[in-house]
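For reference, the structure discussed in these notes is given below.
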Amino acid sequence: MDEYLGLTAFIESAWQELNDPDADRRHFCLDAISDVLETGRLTQSDAERTVERLVAVALSDEGYPVRESSLHAACTAARLYELPYQVVKPLAVGADGLEPLLLTYVLGILGSTHDQAALPIIERFHDPPHPEVRREVAEAVQELRWSGALL
(Lines give C-alpha, C1' and ligand atoms only; values in the text may rest on other atoms or scores of the structure.)
Protein backbone atom coordinates (compact mmCIF):
# COMPACT_ATOMS: atom_id res chain seq x y z
CA MET A 1 0.00 0.00 0.00
CA ASP A 2 1.45 3.35 -0.93
CA GLU A 3 2.01 5.98 1.74
CA TYR A 4 -0.96 8.18 0.78
CA LEU A 5 -3.42 5.29 0.85
CA GLY A 6 -2.00 4.39 4.25
CA LEU A 7 -2.67 7.90 5.56
CA THR A 8 -6.24 7.97 4.30
CA ALA A 9 -6.90 4.44 5.56
CA PHE A 10 -5.56 5.48 8.97
CA ILE A 11 -7.95 8.45 9.07
CA GLU A 12 -10.90 6.25 8.06
CA SER A 13 -10.00 3.80 10.80
CA ALA A 14 -9.89 6.65 13.32
CA TRP A 15 -13.33 7.86 12.19
CA GLN A 16 -14.73 4.38 12.83
CA GLU A 17 -13.20 4.41 16.31
CA LEU A 18 -15.09 7.62 17.09
CA ASN A 19 -18.16 5.47 17.61
CA ASP A 20 -16.54 4.08 20.73
CA PRO A 21 -18.47 5.16 23.86
CA ASP A 22 -15.19 5.74 25.73
CA ALA A 23 -14.39 9.48 25.56
CA ASP A 24 -10.68 8.82 26.10
CA ARG A 25 -10.64 6.55 23.06
CA ARG A 26 -12.46 9.15 20.92
CA HIS A 27 -10.02 11.81 22.14
CA PHE A 28 -7.08 9.57 21.14
CA CYS A 29 -8.56 8.98 17.66
CA LEU A 30 -8.88 12.70 17.06
CA ASP A 31 -5.29 13.23 18.14
CA ALA A 32 -4.26 10.61 15.59
CA ILE A 33 -6.19 12.46 12.87
CA SER A 34 -4.43 15.66 13.92
CA ASP A 35 -1.08 13.89 13.55
CA VAL A 36 -1.94 12.88 9.98
CA LEU A 37 -3.05 16.43 9.15
CA GLU A 38 0.18 17.74 10.59
CA THR A 39 2.16 15.84 7.94
CA GLY A 40 0.67 18.15 5.31
CA ARG A 41 0.51 15.19 2.93
CA LEU A 42 -3.23 15.01 2.33
CA THR A 43 -4.71 16.39 -0.84
CA GLN A 44 -6.63 19.62 -0.45
CA SER A 45 -9.95 17.85 -0.98
CA ASP A 46 -9.15 15.13 1.58
CA ALA A 47 -8.06 17.77 4.09
CA GLU A 48 -11.29 19.70 3.55
CA ARG A 49 -13.43 16.59 4.00
CA THR A 50 -11.53 15.74 7.17
CA VAL A 51 -12.02 19.25 8.56
CA GLU A 52 -15.74 19.16 7.75
CA ARG A 53 -16.02 16.03 9.87
CA LEU A 54 -13.91 17.53 12.64
CA VAL A 55 -16.16 20.59 12.72
CA ALA A 56 -19.21 18.36 13.00
CA VAL A 57 -17.63 16.50 15.93
CA ALA A 58 -16.63 19.76 17.63
CA LEU A 59 -20.19 21.02 17.47
CA SER A 60 -22.00 17.83 18.37
CA ASP A 61 -20.01 15.93 20.98
CA GLU A 62 -20.81 16.74 24.56
CA GLY A 63 -17.42 15.84 25.97
CA TYR A 64 -15.02 18.75 26.33
CA PRO A 65 -11.84 16.71 25.61
CA VAL A 66 -13.35 15.39 22.38
CA ARG A 67 -14.49 18.84 21.26
CA GLU A 68 -11.09 20.30 22.11
CA SER A 69 -9.26 17.54 20.22
CA SER A 70 -11.41 17.99 17.13
CA LEU A 71 -10.85 21.77 17.13
CA HIS A 72 -7.14 21.31 17.72
CA ALA A 73 -6.98 19.02 14.69
CA ALA A 74 -8.97 21.50 12.57
CA CYS A 75 -6.63 24.27 13.70
CA THR A 76 -3.66 22.14 12.66
CA ALA A 77 -5.23 21.73 9.22
CA ALA A 78 -5.90 25.47 9.00
CA ARG A 79 -2.18 26.15 9.40
CA LEU A 80 -1.23 23.80 6.56
CA TYR A 81 -4.10 24.01 4.09
CA GLU A 82 -6.09 26.90 2.63
CA LEU A 83 -9.48 26.04 4.09
CA PRO A 84 -12.44 27.71 2.40
CA TYR A 85 -14.79 29.57 4.70
CA GLN A 86 -17.67 27.30 3.63
CA VAL A 87 -15.85 24.29 5.12
CA VAL A 88 -15.64 25.87 8.58
CA LYS A 89 -18.73 28.09 8.44
CA PRO A 90 -20.68 25.88 10.90
CA LEU A 91 -18.15 26.95 13.55
CA ALA A 92 -19.30 30.55 13.10
CA VAL A 93 -22.83 29.52 13.95
CA GLY A 94 -21.83 27.47 16.98
CA ALA A 95 -19.15 29.77 18.38
CA ASP A 96 -21.35 31.64 20.84
CA GLY A 97 -21.81 28.73 23.21
CA LEU A 98 -18.19 27.59 23.36
CA GLU A 99 -15.83 27.75 26.30
CA PRO A 100 -13.04 30.37 25.98
CA LEU A 101 -10.28 27.91 25.03
CA LEU A 102 -12.46 26.33 22.37
CA LEU A 103 -13.44 29.76 21.09
CA THR A 104 -9.75 30.63 20.57
CA TYR A 105 -9.45 27.65 18.22
CA VAL A 106 -12.56 28.71 16.31
CA LEU A 107 -11.37 32.30 15.93
CA GLY A 108 -7.99 31.14 14.66
CA ILE A 109 -9.58 28.77 12.17
CA LEU A 110 -11.98 31.43 10.88
CA GLY A 111 -9.16 33.97 10.54
CA SER A 112 -7.02 31.54 8.58
CA THR A 113 -9.65 31.26 5.84
CA HIS A 114 -8.71 34.77 4.62
CA ASP A 115 -12.37 35.16 3.70
CA GLN A 116 -13.88 38.53 4.57
CA ALA A 117 -17.19 36.80 5.34
CA ALA A 118 -15.59 35.60 8.59
CA LEU A 119 -14.79 39.14 9.77
CA PRO A 120 -18.23 40.03 11.21
CA ILE A 121 -18.31 36.70 13.07
CA ILE A 122 -14.92 37.33 14.63
CA GLU A 123 -15.71 40.95 15.44
CA ARG A 124 -18.74 39.77 17.42
CA PHE A 125 -16.25 38.76 20.10
CA HIS A 126 -14.40 42.10 20.16
CA ASP A 127 -14.65 42.59 23.93
CA PRO A 128 -14.55 39.21 25.68
CA PRO A 129 -13.55 38.95 29.33
CA HIS A 130 -10.81 36.36 28.65
CA PRO A 131 -7.38 37.67 27.59
CA GLU A 132 -6.69 34.62 25.39
CA VAL A 133 -9.89 35.25 23.43
CA ARG A 134 -9.12 38.98 23.11
CA ARG A 135 -5.66 38.15 21.76
CA GLU A 136 -7.07 35.65 19.27
CA VAL A 137 -9.76 38.10 18.11
CA ALA A 138 -7.08 40.74 17.46
CA GLU A 139 -4.89 38.28 15.54
CA ALA A 140 -7.79 36.93 13.46
CA VAL A 141 -9.05 40.41 12.60
CA GLN A 142 -5.54 41.49 11.63
CA GLU A 143 -5.12 38.37 9.47
CA LEU A 144 -8.42 38.98 7.68
CA ARG A 145 -7.80 42.69 7.16
CA TRP A 146 -4.30 42.00 5.89
CA SER A 147 -5.53 39.38 3.44
CA GLY A 148 -8.41 41.67 2.38
CA ALA A 149 -5.94 44.43 1.61
CA LEU A 150 -4.12 42.09 -0.77
CA LEU A 151 -7.23 41.45 -2.83
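Ligands, DNA and RNA left out, the accessible area of the chain computed with a 1.4 Å probe is 54% carbon and sulfur. For the options D46, D22, D35, a Gaussian network treatment of the chain with springs between C-alpha atoms closer than 10 Å singles out D22 as fluctuating the most. Every helix of 4 or more DSSP H residues in the chain counts as -39500 (n - 2.57), and over all residues that averages to -24000 deg cm²/dmol at 222 nm. An oblate overall shape is assigned to the range 1-86, the ratio a/c of its alpha-carbon gyration tensor axes (a ≥ b ≥ c) being 1.5 or greater and a/b not exceeding b/c. For the chain, the residue among Q116, T50, P131 whose Cα projects farthest onto the positive side of the dipole built from Cβ charges is Q116.
Shape index of the range 83-135: Rg/Rh, with Rg the Cα radius of gyration and Rh the Kirkwood radius from the inverse mean 1/r over Cα pairs, equals 0.93. Among the protein heavy atoms, those of R49 account for about 120 Å² of accessible surface (1.4 Å probe, every chain in place). For the residues L101, L80, L59, a GNM of the chain with alpha-carbon springs under 10 Å puts the largest fluctuation on L101. Extension gain for E3 to E52 (0.36 nm times residue separation, less C-alpha to C-alpha distance): 15.3 nm. The Cβ shell under 12 Å around D31 holds other residues with a net charge of -3, Lys and Arg each +1, Asp and Glu each -1. Mind running the shape call on the chain? Use the C-alpha gyration tensor, a ≥ b ≥ c as the square roots of the eigenvalues: rounded below 1.5 for a/c, prolate if a/b tops b/c, oblate otherwise. It comes out oblate by the Cα gyration axes. Local charge for L5 was computed over the other residues whose Cβ lies under 12 Å away, with Lys and Arg +1 and Asp and Glu -1, and equals -3.
Structure remark: mean-square fluctuation, Gaussian network model of the chain, C-alpha springs under 10 Å; the largest value among T50, T39, T76 belongs to T39. Reducing the range 27-51 and the range 56-80 to their Cα centroids gives an inter-centroid distance of 11 Å. The Cα atoms of the range 1-40 give a gyration tensor whose axes a ≥ b ≥ c have a/c of 1.5 or more with a/b no greater than b/c, which makes the shape oblate.
With each label modelled as a point 7 angstrom along the Cα→C-beta vector, the A23-R124 pair spans 2.6 nm. Taking Cα centre as origin and charging only the Cβ of basic (Lys, Arg, +1) and acidic (Asp, Glu, -1) residues, the dipole magnitude of the range 1-140 rounds to 320 debye. Electrostatic tally near L119: other residues with Cβ closer than 12 Å to its Cβ, Lys and Arg +1, Asp and Glu -1, net -1.
The values are calculated or read from the model by the stated rules, or taken from the named source; none is laboratory data. Model, not experiment: these values are computed from the prediction. Positions of Cβ are backbone-derived with ideal geometry, glycine not excepted, and every protein chain shown enters the neighbour counts. To get the accessible areas, we keep the full protein, side chains included, count just its heavy atoms, and leave off ligands, DNA and RNA. Shrake-Rupley method; radii C 1.70, N 1.55, O 1.52, S 1.80 Å.
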